[in-house]
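Below is one structure, written out as structure tokens; the observations come after it.
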Protein chains: 2
Amino acid sequence: MVGELPGMTLKAIGIVQNKVKQVPGSGYKWQKIVSEIVLDDSLTEAMDNLDEFSHIIVLYWMHQSTEPAPVKVHPKGRAELPRVGVFASRSPDRPNPVGKATVRLLRRQGNVLTVQGLDAVDGTPVIDIKPYLPEIDSVDSAKVPSWITKH
Amino acid sequence: MVGELPGMTLKAIGIVQNKVKQVPGSGYKWQKIVSEIVLDDSLTEAMDNLDEFSHIIVLYWMHQSTEPAPVKVHPKGRAELPRVGVFASRSPDRPNPVGKATVRLLRRQGNVLTVQGLDAVDGTPVIDIKPYLPEIDSVDSAKVPSWITKH
């Protein structure tokens, strides 16, 4: 079925800049990492009003992920946990290596967004920015299995 | 800057099937719409364990969006609201027309997921499925401007 579908090509709209130069191990404290997202100059005006939101959703291309993607993975890369389907995980190694992060927007200056908590290494291509809307992005009382919350 | 970046090509991993054959107007009650996501057969095992989650995140390609994307849009397509930067909106008309929806997973049967609340028309290519994890996908006390919540 996949073969019958048209190709879909993404354009990088910008690049992540931060101090994380290599993919760190699972459990890395991304929450504290401050990153700049430098957008293409031509898209500066398309960022207007974004700073009226406290949080934004960033979609990015995990350019260092493994190809081809595995079918099953250990949750959080921890070998002691039983393998699960890759779509039941947040592993970067997936058929389309698109990451999704909800991050705090600290400030916007022209074509540069400063954000906190983005789990992407320096140089990661950004493909979309959306405002975070609790009404559609947040779910009350969602159920998750215990293996994903194990620390 | 964008020109210096490598192309990034997505593969459709499946297709949305539902009764919504044409893009409806803004304000459509997607919350009640039940859709099937039919995944490529080769990815059936990659869906294992997904049904241990009550909600999933679906990334999809909004193949009917407008090209080239506008820089500014009226929020929710409502002409009476002042235009904002497209990245401050959830408009489908954006540089990379990738949609992101958090939906309830009603059931998984083999390579078919049945979900509720997916705001995508029949035939929409799906590019990724992720489990919804409140710990990283939900934010307490996020701030949004009043124009986005106006009904």
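The values are calculated or read from the model by the stated rules, or taken from the named source; none is laboratory data. Keep in mind that this is a model prediction, so the values were computed, not measured. All Cβ positions, glycine included, derive from the backbone under ideal geometry; neighbour counts span all protein chains shown. The protein model used for the area step is the full one, side chains on, heavy atoms only, and it has no ligands, DNA or RNA in it. Shrake-Rupley method; radii C 1.70, N 1.55, O 1.52, S 1.80 Å.
Given the residues B:V139, B:V98, B:V112, B:V144, which is the only one that is facing chain A (nearest Cβ under 7 Å), of a type in the set (A, V, I, L, M) and in contact with an Asp or Glu (Cβ under 6 Å, 6 or more places away or on another chain)?
Numbers: B:V139 fails: in contact with an Asp or Glu (Cβ under 6 Å, 6 or more places away or on another chain); B:V112 fails: facing chain A (nearest Cβ under 7 Å); B:V144 fails: in contact with an Asp or Glu (Cβ under 6 Å, 6 or more places away or on another chain).
So the residue among B:V139, B:V98, B:V112, B:V144 that is facing chain A (nearest Cβ under 7 Å), of a type in the set (A, V, I, L, M) and in contact with an Asp or Glu (Cβ under 6 Å, 6 or more places away or on another chain) is B:V98.
With the requirement that a residue be over 18 Å from A:K100 (Cα atoms) and open to solvent by less than 30 Å² (accessible area, probe 1.4 Å), what does the range B:126-151 give you?
Result: B:P145, B:I148.
Look through B:V58, B:V20 and report the one residue that is assigned to a strand (DSSP E or B) and either free of Cβ contacts under 8 Å to residues at least 60 places away in the same chain or open to solvent by less than 60 Å² (accessible area, probe 1.4 Å) (or both).
B:V58
Quick check on my filter: what residues within the range A:103-151 are more than 23 Å from B:A69 (Cα to Cα) and in a strand (DSSP E or B)?
Of everything in the range A:103-151, those that are more than 23 Å from B:A69 (Cα to Cα) and in a strand (DSSP E or B) turn out to be A:V103, A:R104, A:L105, A:L106, A:R107, A:T114, A:V115, A:Q116.
Tell me yes or no: at least one residue of the range A:101-114 is crowded, with 16+ Cβ neighbours inside 10 Å, modelled with pLDDT under 95 and farther than 20 Å from B:M8 by Cβ.
No, the range A:101-114 has no match at all.
Counting just the residues of the range A:38-55 that are polar (S, T, N, Q) and surrounded by fewer than 17 Cβ atoms within 10 Å (Cβ to Cβ), which one comes out farthest from A:I136 (Cα to Cα)? Full working, then the answer.
Keep residues of the range A:38-55 that are polar (S, T, N, Q), which gives A:42, A:44, A:49, A:54.
If we keep only those that are surrounded by fewer than 17 Cβ atoms within 10 Å (Cβ to Cβ) as well, we get A:42, A:44, A:54.
On the way: A:S42: 29, A:T44: 26, A:S54: 15 Å.
So the residue we want is A:S42.
Can you tell me which of A:S26, A:S65, A:S35, A:S91 is open to solvent by less than 50 Å² (accessible area, probe 1.4 Å), more than 21 Å from B:T102 (Cβ to Cβ), in a loop (DSSP other than H, G, I, E, B) and among the hydroxyl-bearing types (S, T, Y)?
Values: A:S26 fails: open to solvent by less than 50 Å² (accessible area, probe 1.4 Å); A:S35 fails: in a loop (DSSP other than H, G, I, E, B); A:S91 fails: more than 21 Å from B:T102 (Cβ to Cβ).
That would be A:S65, the only listed residue that is open to solvent by less than 50 Å² (accessible area, probe 1.4 Å), more than 21 Å from B:T102 (Cβ to Cβ), in a loop (DSSP other than H, G, I, E, B) and among the hydroxyl-bearing types (S, T, Y).
Report yes if B:K11 is within 30 Å of A:P125 (Cβ to Cβ), charged (D, E, K, R) and modelled with pLDDT under 95, otherwise no.
yes
Would you please list the contacts, defined by Cβ atoms under 6 Å and residues six or more apart or on different chains, that run from a residue in the range A:61-75 that is more than 9 Å from chain B (Cβ to nearest Cβ) to a residue that is part of a loop (DSSP other than H, G, I, E, B) and open to solvent by 30 Å² or more (accessible area, probe 1.4 Å)?
A:M62/A:P92; A:Q64/A:V23; A:S65/A:P92; A:S65/A:D93; A:T66/A:D93; A:H74/A:R83
Output the residues belonging to the range B:68-88 that are open to solvent by less than 60 Å² (accessible area, probe 1.4 Å), small (G, A, S) and not in a loop (DSSP other than H, G, I, E, B).
Hits for the range B:68-88 are B:G85, B:A88.
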